[in-house]
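Engineer: Here it is, the structure in full.
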Amino acid sequence: MTDKTTTAMAWLINPYSQGCTVYYYDGDTDGYGVLYDAMCLCAPTGPYTAMDPNDCDDSEPQTNPGAPEICGNGIDDDCDGAIDSLDPDCL
Ligand SMILES: [Ca+2]
Ligand SMILES: [Ca+2]
Ligand SMILES: [Ca+2]
């Protein structure tokens, strides 16, 4: 990452920029975005629509912090870091 890129990113995600709101890239349109790709905008624009950056799989709309854990599929469906039998939801 170059200095120029770092400066641009710092500006894009700076929550103190005047009059803008940070929106996170939501590739699967499930309402949850990713922390590493954000833009400070006046309104949701293009794929930058999410205000919650905690999507752990932004290519799978059934996997996000608001989804239920589906037991036995080997995926952390609800993004709490615990998969299947390790998730309290599966006990
Ligand atoms: Ca998403
Ligand atoms: Ca699962
Ligand atoms: Ca889980």
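Coordinate-derived values only; no laboratory data. Source: prediction; values computed, not measured. Positions of Cβ are backbone-derived with ideal geometry, glycine not excepted, and every protein chain shown enters the neighbour counts.
Engineer: Cβ under 14 Å from VAL22's Cβ, VAL22 left aside: what net charge do those residues give with Lys, Arg +1 and Asp, Glu -1?
Structural biologist: Charge balance near VAL22 sits at -3.
Engineer: Need one number: nm distance between label points at CYS20 and ASP80, each 7 Å from Cα along Cα→Cβ, rounded to one decimal.
Structural biologist: Between CYS20 and ASP80, the label points sit 3.5 nm apart.
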